[in-house]
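What follows is a set of notes on a single structure, which appears directly below.
The values are calculated or read from the model by the stated rules, or taken from the named source; none is laboratory data. Small disclaimer: the values here were computed from a predicted structure and weren't measured. When we count neighbours, we look across all protein chains shown, and the Cβ atoms used for this are built from the backbone with ideal geometry, even at glycine.
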Amino acid sequence: MSNKLQQLRGTKDLLPESFKVHDYIINTARKVGELYGYAAMSTPIIEYTKVFDRTLGDTSDVVSKEMYSFLDKSNDSISLRPEFTAGIIRSFISNNLHDKLPLKFFSCGPVFRYDRPQAGRQRQFHQVNFEYIGTDSPYSDGETIKLACDLLAALQLEDQARLEINSLGCRQSQNIYQQKIFSYFNDYKEQLSDDSVRRLAKNPMRILDTKDQGDKIIVQNAPLVSECYTDEAKRYFDAVLKYLDLLNVNYIINPRIVRGLDYYCHTAFEFITENIGSQSTLIGGGRYDGLAKIMNGPQTPAIGFAAGIERLALMRQYNLPTIRPVFVIPIGDESIDSCLILADLLRQHNIQTQLYAQGKIDRRLQYALNAKARYVIFIGTEELANNKYKLKDLDSRQEILATSEEIIALIKQAPK
Ligand code: HAM
(Lines give C-alpha, C1' and ligand atoms only; values in the text may rest on other atoms or scores of the structure.)
Protein backbone atom coordinates (compact mmCIF):
# COMPACT_ATOMS: atom_id res chain seq x y z
CA MET A 1 0.00 0.00 0.00
CA SER A 2 1.26 3.46 -0.83
CA ASN A 3 2.32 5.75 2.00
CA LYS A 4 1.55 8.81 -0.07
CA LEU A 5 -0.57 11.23 1.93
CA GLN A 6 -4.00 11.90 0.51
CA GLN A 7 -6.70 14.41 1.33
CA LEU A 8 -9.67 13.14 3.37
CA ARG A 9 -12.45 11.42 1.44
CA GLY A 10 -15.03 13.96 0.33
CA THR A 11 -12.61 16.90 0.49
CA LYS A 12 -10.82 18.51 -2.43
CA ASP A 13 -7.75 20.67 -2.89
CA LEU A 14 -8.49 23.88 -4.71
CA LEU A 15 -5.55 24.11 -7.07
CA PRO A 16 -5.07 27.49 -8.79
CA GLU A 17 -7.45 26.89 -11.73
CA SER A 18 -10.36 25.80 -9.48
CA PHE A 19 -9.49 28.41 -6.87
CA LYS A 20 -9.84 31.08 -9.52
CA VAL A 21 -13.34 29.88 -10.44
CA HIS A 22 -14.34 29.75 -6.75
CA ASP A 23 -12.99 33.23 -6.24
CA TYR A 24 -14.92 34.46 -9.27
CA ILE A 25 -18.17 32.94 -7.98
CA ILE A 26 -17.65 34.47 -4.54
CA ASN A 27 -16.82 37.92 -5.94
CA THR A 28 -19.79 37.79 -8.30
CA ALA A 29 -22.09 36.80 -5.44
CA ARG A 30 -20.74 39.54 -3.20
CA LYS A 31 -21.21 42.17 -5.91
CA VAL A 32 -24.77 41.07 -6.65
CA GLY A 33 -25.46 41.14 -2.90
CA GLU A 34 -24.02 44.65 -2.62
CA LEU A 35 -26.61 45.86 -5.14
CA TYR A 36 -29.23 44.82 -2.59
CA GLY A 37 -27.35 46.23 0.41
CA TYR A 38 -25.81 43.01 1.75
CA ALA A 39 -22.67 43.53 3.83
CA ALA A 40 -20.01 40.82 3.97
CA MET A 41 -19.47 39.22 7.38
CA SER A 42 -18.01 36.02 8.68
CA THR A 43 -18.61 33.78 11.66
CA PRO A 44 -16.28 31.10 13.03
CA ILE A 45 -16.17 27.72 11.32
CA ILE A 46 -16.40 26.04 14.74
CA GLU A 47 -19.26 26.70 17.14
CA TYR A 48 -20.70 24.99 20.19
CA THR A 49 -22.71 22.02 18.94
CA LYS A 50 -25.82 23.45 20.58
CA VAL A 51 -25.80 26.28 18.01
CA PHE A 52 -26.79 23.66 15.46
CA ASP A 53 -28.41 20.61 16.99
CA ARG A 54 -31.68 21.99 18.26
CA THR A 55 -31.96 24.74 15.67
CA LEU A 56 -31.51 22.63 12.55
CA GLY A 57 -33.51 19.82 14.15
CA ASP A 58 -32.00 16.83 15.93
CA THR A 59 -34.00 14.50 13.68
CA SER A 60 -32.70 16.14 10.50
CA ASP A 61 -30.06 14.19 8.52
CA VAL A 62 -27.66 17.12 8.82
CA VAL A 63 -27.65 16.93 12.63
CA SER A 64 -28.30 13.25 13.27
CA LYS A 65 -25.86 11.82 10.71
CA GLU A 66 -23.74 14.47 9.05
CA MET A 67 -22.29 16.78 11.69
CA TYR A 68 -18.59 16.76 12.46
CA SER A 69 -18.77 17.03 16.25
CA PHE A 70 -16.10 16.41 18.86
CA LEU A 71 -15.19 17.20 22.45
CA ASP A 72 -12.44 19.79 22.72
CA LYS A 73 -9.79 19.80 25.45
CA SER A 74 -12.23 21.55 27.83
CA ASN A 75 -14.77 18.81 27.21
CA ASP A 76 -17.06 21.18 25.34
CA SER A 77 -18.96 19.71 22.42
CA ILE A 78 -17.86 21.59 19.30
CA SER A 79 -19.04 21.20 15.70
CA LEU A 80 -17.74 22.24 12.32
CA ARG A 81 -20.51 24.32 10.78
CA PRO A 82 -22.84 22.26 8.61
CA GLU A 83 -24.37 25.51 7.26
CA PHE A 84 -24.19 29.27 7.86
CA THR A 85 -27.63 30.35 9.04
CA ALA A 86 -27.57 29.15 12.68
CA GLY A 87 -24.08 30.60 13.23
CA ILE A 88 -25.14 33.94 11.79
CA ILE A 89 -28.21 34.12 14.03
CA ARG A 90 -26.00 33.13 16.99
CA SER A 91 -23.74 36.04 16.03
CA PHE A 92 -26.74 38.37 15.66
CA ILE A 93 -27.79 37.47 19.21
CA SER A 94 -24.30 37.50 20.82
CA ASN A 95 -23.45 40.88 19.31
CA ASN A 96 -26.80 42.44 20.36
CA LEU A 97 -27.62 43.57 16.87
CA HIS A 98 -31.40 43.78 17.43
CA ASP A 99 -31.48 47.55 17.40
CA LYS A 100 -29.72 47.61 14.02
CA LEU A 101 -32.45 45.73 12.15
CA PRO A 102 -33.03 45.13 9.32
CA LEU A 103 -29.68 43.53 8.52
CA LYS A 104 -28.47 41.94 5.33
CA PHE A 105 -25.45 39.68 5.59
CA PHE A 106 -23.38 38.03 2.90
CA SER A 107 -20.98 35.21 3.89
CA CYS A 108 -18.93 32.59 2.15
CA GLY A 109 -16.62 29.77 3.10
CA PRO A 110 -16.32 26.08 3.89
CA VAL A 111 -19.16 23.98 5.27
CA PHE A 112 -18.91 20.38 6.52
CA ARG A 113 -21.33 17.49 6.22
CA TYR A 114 -20.43 13.83 6.61
CA ASP A 115 -22.36 12.30 3.73
CA ARG A 116 -21.51 9.77 1.04
CA PRO A 117 -19.33 11.68 -1.43
CA GLN A 118 -20.29 11.75 -5.10
CA ALA A 119 -20.21 14.23 -7.98
CA GLY A 120 -21.49 17.53 -6.57
CA ARG A 121 -21.55 16.21 -3.00
CA GLN A 122 -18.54 16.70 -0.77
CA ARG A 123 -17.84 16.46 2.94
CA GLN A 124 -16.13 19.82 2.90
CA PHE A 125 -17.84 22.08 0.41
CA HIS A 126 -18.28 25.83 0.09
CA GLN A 127 -21.30 28.09 0.10
CA VAL A 128 -22.15 31.66 -0.67
CA ASN A 129 -24.85 32.59 1.80
CA PHE A 130 -27.30 35.49 2.11
CA GLU A 131 -29.40 36.34 5.17
CA TYR A 132 -31.99 39.13 5.38
CA ILE A 133 -32.81 39.51 9.05
CA GLY A 134 -35.65 41.56 10.53
CA THR A 135 -38.39 41.68 7.90
CA ASP A 136 -41.65 39.81 7.95
CA SER A 137 -43.21 41.16 4.82
CA PRO A 138 -43.64 38.98 1.72
CA TYR A 139 -41.96 41.60 -0.48
CA SER A 140 -38.68 40.62 1.20
CA ASP A 141 -39.22 37.01 0.14
CA GLY A 142 -39.76 38.26 -3.42
CA GLU A 143 -36.61 40.40 -3.28
CA THR A 144 -34.53 37.57 -1.80
CA ILE A 145 -35.58 35.12 -4.50
CA LYS A 146 -34.92 37.76 -7.19
CA LEU A 147 -31.45 38.17 -5.71
CA ALA A 148 -30.87 34.42 -6.18
CA CYS A 149 -32.05 34.78 -9.81
CA ASP A 150 -29.69 37.72 -10.31
CA LEU A 151 -26.82 35.65 -8.94
CA LEU A 152 -27.52 32.88 -11.46
CA ALA A 153 -27.84 35.47 -14.24
CA ALA A 154 -24.53 37.10 -13.28
CA LEU A 155 -22.94 33.65 -13.60
CA GLN A 156 -24.73 33.11 -16.93
CA LEU A 157 -26.68 30.19 -15.53
CA GLU A 158 -30.16 31.69 -15.63
CA ASP A 159 -31.35 29.33 -18.37
CA GLN A 160 -29.98 26.26 -16.69
CA ALA A 161 -31.96 26.16 -13.45
CA ARG A 162 -35.63 26.30 -12.53
CA LEU A 163 -37.06 27.83 -9.39
CA GLU A 164 -39.31 25.55 -7.34
CA ILE A 165 -41.18 27.12 -4.47
CA ASN A 166 -43.51 26.02 -1.70
CA SER A 167 -44.94 27.42 1.48
CA LEU A 168 -44.48 25.45 4.67
CA GLY A 169 -47.16 27.60 6.28
CA CYS A 170 -47.20 29.54 9.53
CA ARG A 171 -46.60 27.93 12.92
CA GLN A 172 -50.29 27.13 13.30
CA SER A 173 -50.44 25.46 9.87
CA GLN A 174 -47.38 23.44 10.81
CA ASN A 175 -48.95 22.27 14.08
CA ILE A 176 -52.06 21.09 12.26
CA TYR A 177 -49.89 19.42 9.64
CA GLN A 178 -47.74 17.64 12.23
CA GLN A 179 -50.84 15.93 13.62
CA LYS A 180 -52.18 15.04 10.21
CA ILE A 181 -48.93 13.62 8.99
CA PHE A 182 -48.36 11.74 12.23
CA SER A 183 -51.60 9.84 11.83
CA TYR A 184 -50.83 9.15 8.16
CA PHE A 185 -47.37 7.68 8.82
CA ASN A 186 -48.52 5.94 11.99
CA ASP A 187 -50.72 3.73 9.80
CA TYR A 188 -47.55 2.57 7.99
CA LYS A 189 -45.43 2.16 11.10
CA GLU A 190 -44.70 -1.49 10.36
CA GLN A 191 -43.37 -0.72 6.87
CA LEU A 192 -41.30 2.36 7.64
CA SER A 193 -37.50 2.22 8.05
CA ASP A 194 -36.08 2.37 11.60
CA ASP A 195 -34.96 5.91 10.94
CA SER A 196 -38.45 7.03 10.00
CA VAL A 197 -40.03 5.25 12.96
CA ARG A 198 -37.69 7.25 15.22
CA ARG A 199 -38.70 10.42 13.40
CA LEU A 200 -42.36 9.55 13.69
CA ALA A 201 -42.22 9.96 17.43
CA LYS A 202 -40.12 13.14 17.43
CA ASN A 203 -40.83 15.00 14.20
CA PRO A 204 -42.90 13.20 11.55
CA MET A 205 -42.34 15.98 8.98
CA ARG A 206 -38.73 14.85 8.66
CA ILE A 207 -39.93 11.52 7.22
CA LEU A 208 -40.79 13.53 4.11
CA ASP A 209 -37.14 13.92 3.16
CA THR A 210 -36.23 10.30 3.80
CA LYS A 211 -33.60 8.73 1.54
CA ASP A 212 -35.00 5.20 2.06
CA GLN A 213 -36.53 3.84 -1.16
CA GLY A 214 -39.31 1.97 0.69
CA ASP A 215 -40.25 5.05 2.73
CA LYS A 216 -40.29 7.14 -0.43
CA ILE A 217 -43.22 5.11 -1.79
CA ILE A 218 -45.20 5.77 1.37
CA VAL A 219 -44.24 9.47 1.29
CA GLN A 220 -45.68 9.82 -2.23
CA ASN A 221 -49.24 9.75 -0.94
CA ALA A 222 -48.63 11.65 2.31
CA PRO A 223 -50.86 14.67 2.92
CA LEU A 224 -49.45 17.99 1.78
CA VAL A 225 -48.83 20.95 4.05
CA SER A 226 -50.98 23.05 1.70
CA GLU A 227 -54.00 21.10 2.96
CA CYS A 228 -53.37 22.67 6.38
CA TYR A 229 -52.72 26.31 5.48
CA THR A 230 -54.42 28.86 7.69
CA ASP A 231 -55.79 31.99 6.03
CA GLU A 232 -52.67 33.82 7.15
CA ALA A 233 -50.36 31.22 5.57
CA LYS A 234 -52.31 31.27 2.34
CA ARG A 235 -52.37 35.08 2.20
CA TYR A 236 -48.63 35.22 2.80
CA PHE A 237 -47.83 32.72 0.05
CA ASP A 238 -50.14 34.42 -2.45
CA ALA A 239 -48.42 37.73 -1.74
CA VAL A 240 -44.95 36.21 -2.27
CA LEU A 241 -46.08 34.78 -5.61
CA LYS A 242 -47.56 38.16 -6.55
CA TYR A 243 -44.19 39.84 -5.90
CA LEU A 244 -42.40 37.19 -7.94
CA ASP A 245 -44.79 37.90 -10.83
CA LEU A 246 -44.13 41.61 -10.42
CA LEU A 247 -40.40 40.97 -10.69
CA ASN A 248 -40.85 38.66 -13.70
CA VAL A 249 -39.50 35.66 -11.85
CA ASN A 250 -40.62 32.31 -13.28
CA TYR A 251 -41.39 29.60 -10.76
CA ILE A 252 -42.98 26.23 -10.36
CA ILE A 253 -44.99 25.56 -7.21
CA ASN A 254 -43.76 22.25 -5.85
CA PRO A 255 -45.93 21.25 -2.87
CA ARG A 256 -43.41 18.53 -1.98
CA ILE A 257 -40.50 20.83 -1.09
CA VAL A 258 -39.91 20.48 2.64
CA ARG A 259 -36.18 21.38 2.92
CA GLY A 260 -33.84 19.34 5.07
CA LEU A 261 -33.56 21.70 8.03
CA ASP A 262 -36.18 22.26 10.71
CA TYR A 263 -36.19 26.01 11.08
CA TYR A 264 -38.18 26.94 7.96
CA CYS A 265 -41.69 28.39 7.86
CA HIS A 266 -43.71 30.02 5.06
CA THR A 267 -41.53 30.34 1.94
CA ALA A 268 -39.18 27.49 0.98
CA PHE A 269 -37.44 27.43 -2.38
CA GLU A 270 -34.83 25.64 -4.43
CA PHE A 271 -33.15 26.21 -7.75
CA ILE A 272 -32.81 22.89 -9.53
CA THR A 273 -30.74 21.97 -12.57
CA GLU A 274 -30.65 18.94 -14.86
CA ASN A 275 -27.03 19.51 -15.81
CA ILE A 276 -24.88 18.13 -13.00
CA GLY A 277 -26.31 14.71 -12.19
CA SER A 278 -28.21 13.61 -9.14
CA GLN A 279 -27.02 16.42 -6.84
CA SER A 280 -29.24 18.83 -8.68
CA THR A 281 -30.04 21.53 -6.11
CA LEU A 282 -27.91 24.58 -6.79
CA ILE A 283 -29.53 26.94 -4.31
CA GLY A 284 -31.74 26.31 -1.29
CA GLY A 285 -33.36 28.72 1.09
CA GLY A 286 -36.43 30.02 2.79
CA ARG A 287 -37.98 31.96 5.64
CA TYR A 288 -37.09 31.12 9.22
CA ASP A 289 -39.02 33.45 11.51
CA GLY A 290 -38.69 31.28 14.64
CA LEU A 291 -34.94 30.60 14.67
CA ALA A 292 -33.70 33.54 16.77
CA LYS A 293 -36.34 32.75 19.42
CA ILE A 294 -35.34 29.07 19.57
CA MET A 295 -31.79 30.28 20.21
CA ASN A 296 -33.00 32.33 23.21
CA GLY A 297 -32.84 35.58 21.28
CA PRO A 298 -35.62 38.03 20.50
CA GLN A 299 -38.36 36.97 18.09
CA THR A 300 -36.86 38.06 14.75
CA PRO A 301 -38.21 37.18 11.31
CA ALA A 302 -35.66 36.40 8.61
CA ILE A 303 -35.18 34.86 5.19
CA GLY A 304 -32.12 33.69 3.28
CA PHE A 305 -30.53 31.18 0.99
CA ALA A 306 -27.24 29.51 0.19
CA ALA A 307 -25.68 28.28 -3.04
CA GLY A 308 -23.09 25.52 -3.24
CA ILE A 309 -19.99 26.91 -4.92
CA GLU A 310 -18.78 23.49 -6.15
CA ARG A 311 -22.13 22.86 -7.83
CA LEU A 312 -22.12 26.31 -9.46
CA ALA A 313 -18.56 25.63 -10.63
CA LEU A 314 -19.65 22.34 -12.24
CA MET A 315 -22.30 24.08 -14.30
CA ARG A 316 -20.10 25.47 -17.04
CA GLN A 317 -16.58 26.27 -18.18
CA TYR A 318 -15.76 29.66 -16.72
CA ASN A 319 -13.24 31.21 -19.11
CA LEU A 320 -11.89 33.87 -16.84
CA PRO A 321 -9.56 36.59 -18.06
CA THR A 322 -5.97 36.26 -16.89
CA ILE A 323 -3.53 39.10 -16.45
CA ARG A 324 -0.55 38.28 -18.61
CA PRO A 325 2.64 38.49 -16.60
CA VAL A 326 6.00 39.84 -17.71
CA PHE A 327 8.96 37.47 -17.32
CA VAL A 328 12.44 38.69 -16.54
CA ILE A 329 15.06 36.14 -17.50
CA PRO A 330 18.74 36.58 -16.64
CA ILE A 331 21.26 35.15 -19.06
CA GLY A 332 24.13 34.20 -16.81
CA ASP A 333 24.36 34.60 -13.06
CA GLU A 334 26.07 37.99 -13.24
CA SER A 335 22.82 39.67 -14.38
CA ILE A 336 20.64 38.32 -11.55
CA ASP A 337 21.10 41.52 -9.49
CA SER A 338 19.91 43.73 -12.35
CA CYS A 339 17.02 41.36 -13.03
CA LEU A 340 15.93 41.53 -9.40
CA ILE A 341 16.03 45.32 -9.46
CA LEU A 342 14.14 45.52 -12.76
CA ALA A 343 11.48 43.04 -11.60
CA ASP A 344 11.04 45.07 -8.43
CA LEU A 345 10.69 48.29 -10.43
CA LEU A 346 8.05 46.75 -12.71
CA ARG A 347 6.04 45.53 -9.71
CA GLN A 348 6.20 49.03 -8.19
CA HIS A 349 4.48 50.12 -11.41
CA ASN A 350 1.76 47.51 -10.88
CA ILE A 351 3.03 45.22 -13.60
CA GLN A 352 2.78 41.51 -12.74
CA THR A 353 6.33 40.28 -13.03
CA GLN A 354 8.06 36.98 -12.51
CA LEU A 355 11.77 36.42 -12.31
CA TYR A 356 12.93 33.03 -13.53
CA ALA A 357 16.63 32.44 -13.12
CA GLN A 358 17.16 28.68 -13.07
CA GLY A 359 17.44 25.97 -15.67
CA LYS A 360 17.87 26.03 -19.44
CA ILE A 361 16.74 29.20 -21.24
CA ASP A 362 14.42 27.18 -23.51
CA ARG A 363 12.65 25.68 -20.53
CA ARG A 364 12.26 29.09 -18.93
CA LEU A 365 10.82 30.49 -22.12
CA GLN A 366 8.39 27.60 -22.34
CA TYR A 367 7.37 28.25 -18.73
CA ALA A 368 6.71 31.90 -19.62
CA LEU A 369 4.61 30.81 -22.60
CA ASN A 370 2.62 28.40 -20.42
CA ALA A 371 2.01 31.23 -17.95
CA LYS A 372 0.57 33.20 -20.93
CA ALA A 373 3.24 35.89 -20.65
CA ARG A 374 3.13 38.59 -23.30
CA TYR A 375 6.62 39.98 -22.74
CA VAL A 376 9.93 38.47 -21.75
CA ILE A 377 12.86 40.65 -20.82
CA PHE A 378 16.33 39.12 -21.22
CA ILE A 379 19.33 40.54 -19.45
CA GLY A 380 22.82 39.27 -20.31
CA THR A 381 26.31 40.80 -20.24
CA GLU A 382 25.72 42.89 -23.35
CA GLU A 383 22.48 44.34 -21.96
CA LEU A 384 24.22 45.06 -18.66
CA ALA A 385 27.00 46.93 -20.43
CA ASN A 386 24.57 49.06 -22.49
CA ASN A 387 22.01 49.53 -19.75
CA LYS A 388 19.37 48.53 -22.28
CA TYR A 389 17.36 45.36 -22.02
CA LYS A 390 16.07 42.98 -24.64
CA LEU A 391 12.28 43.01 -24.64
CA LYS A 392 10.62 40.23 -26.59
CA ASP A 393 6.94 40.37 -27.51
CA LEU A 394 5.88 36.73 -27.48
CA ASP A 395 2.81 37.46 -29.61
CA SER A 396 4.53 39.30 -32.50
CA ARG A 397 7.93 37.64 -31.89
CA GLN A 398 9.52 41.10 -32.24
CA GLU A 399 12.49 42.11 -30.11
CA ILE A 400 13.67 45.59 -29.17
CA LEU A 401 16.38 47.00 -26.94
CA ALA A 402 15.01 49.51 -24.45
CA THR A 403 15.71 51.21 -21.12
CA SER A 404 13.65 50.27 -18.09
CA GLU A 405 11.61 53.51 -18.44
CA GLU A 406 10.83 52.75 -22.06
CA ILE A 407 9.89 49.17 -21.19
CA ILE A 408 7.48 50.31 -18.47
CA ALA A 409 5.85 52.84 -20.82
CA LEU A 410 5.49 50.23 -23.57
CA ILE A 411 4.02 47.55 -21.31
CA LYS A 412 1.55 49.99 -19.79
CA GLN A 413 0.34 51.03 -23.24
CA ALA A 414 -0.11 47.46 -24.46
CA PRO A 415 -3.75 46.28 -24.69
CA LYS A 416 -4.63 44.05 -21.72
P1 HAM B 1 -28.99 23.62 2.02
O2 HAM B 1 -30.09 23.36 1.04
O3 HAM B 1 -28.70 22.60 3.03
O4 HAM B 1 -29.37 24.99 2.74
O5 HAM B 1 -27.65 23.93 1.22
C6 HAM B 1 -27.60 24.96 0.26
C7 HAM B 1 -26.77 24.52 -0.94
O8 HAM B 1 -25.50 24.02 -0.53
C9 HAM B 1 -27.37 23.36 -1.73
O10 HAM B 1 -28.36 23.82 -2.60
C11 HAM B 1 -26.15 22.85 -2.48
O12 HAM B 1 -25.88 23.64 -3.62
C13 HAM B 1 -25.04 23.06 -1.47
N14 HAM B 1 -24.73 21.79 -0.77
C15 HAM B 1 -25.38 21.23 0.25
N16 HAM B 1 -24.78 20.08 0.65
C17 HAM B 1 -23.71 19.92 -0.16
C18 HAM B 1 -22.67 18.94 -0.25
N19 HAM B 1 -22.59 17.90 0.58
N20 HAM B 1 -21.71 19.10 -1.21
C21 HAM B 1 -21.75 20.16 -2.06
N22 HAM B 1 -22.71 21.12 -2.00
C23 HAM B 1 -23.67 21.01 -1.08
C24 HAM B 1 -28.63 25.57 3.70
O25 HAM B 1 -27.47 25.28 3.96
C26 HAM B 1 -29.35 26.72 4.38
N27 HAM B 1 -28.50 27.23 5.47
C28 HAM B 1 -29.67 27.81 3.37
C29 HAM B 1 -30.33 29.00 3.98
C30 HAM B 1 -29.76 30.19 4.25
N31 HAM B 1 -31.58 29.06 4.39
C32 HAM B 1 -31.83 30.25 4.93
N33 HAM B 1 -30.69 30.95 4.86
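Show the residue pairs that are 6+ apart or on different chains and have beta-carbon atoms under 9 Å apart, the first residue being within the range 272-290 and within 18 Å of Arg256 (Cβ to Cβ) and free of Cβ contacts under 8 Å to residues at least 40 places away in the same chain, the second being near the ligand (Cβ under 6 Å from one of its atoms) and part of a strand (DSSP E or B).
Correct list of pairs: Thr281/Gly308; Gly284/Phe305; Gly284/Ala306; Gly284/Ala307; Gly284/Gly308.
Which of (1) buried (at least 20 other Cβ atoms within 10 Å of the Cβ); (2) within 25 Å of Arg9 (Cβ to Cβ) is the odd one out, the single condition Asp115 does not satisfy?
Going through the list (1) buried (at least 20 other Cβ atoms within 10 Å of the Cβ); (2) within 25 Å of Arg9 (Cβ to Cβ), Asp115 breaks only (1).
Does Leu340 satisfy being within 16 Å of the ligand (Cβ to nearest atom), among the aliphatic types (A, V, I, L, M), surrounded by 13 or more Cβ atoms within 10 Å (Cβ to Cβ) and at pLDDT 95 or above?
no
Based on this model, can you work out whether Ile309 counts as within 12 Å of the ligand (Cβ to nearest atom), β-branched (Val, Ile, Thr), over 30 Å from Cys170 (Cβ atoms) and crowded, with 21+ Cβ neighbours inside 10 Å?
Here the answer is yes, as Ile309 does meet what is asked.
Residues are listed down the side, and each one gets a yes or a no for (1) assigned to a loop (DSSP other than H, G, I, E, B); (2) under 29 Å from Asp115 (Cβ atoms):
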position: Lys216; (1), (2): no, yes
position: Phe237; (1), (2): no, no
position: Val249; (1), (2): yes, no
position: Leu261; (1), (2): yes, yes
position: Ala268; (1), (2): no, yes
position: Leu282; (1), (2): no, yes
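Test Thr135 against the stated conditions and say whether it is under 25 Å from the mean Cα position of the chain (by Cα) and surrounded by 23 or more Cβ atoms within 10 Å (Cβ to Cβ). Steps first, please.
Details: under 25 Å from the mean Cα position of the chain (by Cα): yes; surrounded by 23 or more Cβ atoms within 10 Å (Cβ to Cβ): no.
Considered against the rule, which asks whether it is under 25 Å from the mean Cα position of the chain (by Cα) and surrounded by 23 or more Cβ atoms within 10 Å (Cβ to Cβ), Thr135 comes out as no.
Quick one: how many residues across the range 201-216 are surrounded by fewer than 20 Cβ atoms within 10 Å (Cβ to Cβ) and among the hydrophobic types (A, V, I, L, M, F, W, C)? Lay out the reasoning, then the answer.
The first filter runs over the range 201-216 and keeps only residues surrounded by fewer than 20 Cβ atoms within 10 Å (Cβ to Cβ), leaving 201-203, 209-214, 216.
Next, only the ones that are among the hydrophobic types (A, V, I, L, M, F, W, C) stay: 201.
Looking only at that region, the number is 1.
Quick one: in the range 6-17, of everything that is among the polar types (S, T, N, Q) and away from the ligand (no atom under 14 Å from the Cβ), which residue is nearest to Tyr68 (Cα to Cα)?
At the first step, the residues of the range 6-17 found to be among the polar types (S, T, N, Q) are 6-7, 11.
Applying the additional criterion that residues be away from the ligand (no atom under 14 Å from the Cβ) yields 6-7.
Working: Gln6: 19, Gln7: 16 Å.
So, considering only residues that are among the polar types (S, T, N, Q) and away from the ligand (no atom under 14 Å from the Cβ), the one nearest to Tyr68 (Cα to Cα) is Gln7.
Looking at the range 233-262, which of its residues are of a type in the set (Asp, Glu) and either away from the ligand (no atom under 16 Å from the Cβ) or farther than 22 Å from Arg206 by Cα (or both)?
Residues satisfying the conditions are Asp238, Asp245.
Please go through the range 292-304 and give me each residue that is more than 9 Å from the ligand (Cβ to nearest atom), in contact with a helix residue (DSSP H, G or I) (Cβ under 8 Å, 6 or more places away or on another chain) and farther than 11 Å from Phe92 by Cα, ordered by number. Quick ask: steps written out before the conclusion?
Step one: of the range 292-304, the residues more than 9 Å from the ligand (Cβ to nearest atom) are 292-301.
Next, from what is left, pick out any that are in contact with a helix residue (DSSP H, G or I) (Cβ under 8 Å, 6 or more places away or on another chain): 292, 294-300.
Across the range 292-304, the qualifying residues are Ile294, Asn296, Gln299.
Taking Ile165 and the conditions (1) buried (at least 20 other Cβ atoms within 10 Å of the Cβ); (2) aliphatic (A, V, I, L, M); (3) within 13 Å of the ligand (Cβ to nearest atom), which numbered condition does it fall short on, given that it satisfies the others?
(3)
Could we say that Lys104 is touching a Gly at 6+ places or on another chain (Cβ under 8 Å), over 17 Å from Gly284 (Cβ atoms), modelled with pLDDT of 95 or more and of a type in the set (Lys, Arg) here? Spell out the reasoning first.
Details: touching a Gly at 6+ places or on another chain (Cβ under 8 Å): yes; over 17 Å from Gly284 (Cβ atoms): yes; modelled with pLDDT of 95 or more: yes; of a type in the set (Lys, Arg): yes.
Against the criterion (touching a Gly at 6+ places or on another chain (Cβ under 8 Å), over 17 Å from Gly284 (Cβ atoms), modelled with pLDDT of 95 or more and of a type in the set (Lys, Arg)), Lys104 qualifies.
When you go through (1) touching a residue at least 40 places away in the same chain (Cβ under 8 Å); (2) surrounded by fewer than 18 Cβ atoms within 10 Å (Cβ to Cβ); (3) in contact with a Lys or Arg (Cβ under 7 Å, 6 or more places away or on another chain); (4) not hydrophobic (A, V, I, L, M, F, W, C) one by one for Glu383, which number turns out not to apply?
(2)
Just to be sure, is Lys412 within 43 Å of the chain's Cα centre (by Cα) and of a type outside the set (Val, Ile, Thr)?
Values: within 43 Å of the chain's Cα centre (by Cα): yes; of a type outside the set (Val, Ile, Thr): yes.
Spelling it out, Lys412 is indeed within 43 Å of the chain's Cα centre (by Cα) and of a type outside the set (Val, Ile, Thr).
Could you grab me the full set of residues in the range 101-149 that are of a type in the set (Val, Ile, Thr), under 20 Å from Asp289 (Cα atoms) and within 13 Å of the ligand (Cβ to nearest atom)?
Pass one, the range 101-149, residues of a type in the set (Val, Ile, Thr): 111, 128, 133, 135, 144-145.
Filter once more, keeping what is under 20 Å from Asp289 (Cα atoms): 133, 135, 144-145.
Scanning the range 101-149 gives Ile133, Thr144, Ile145.
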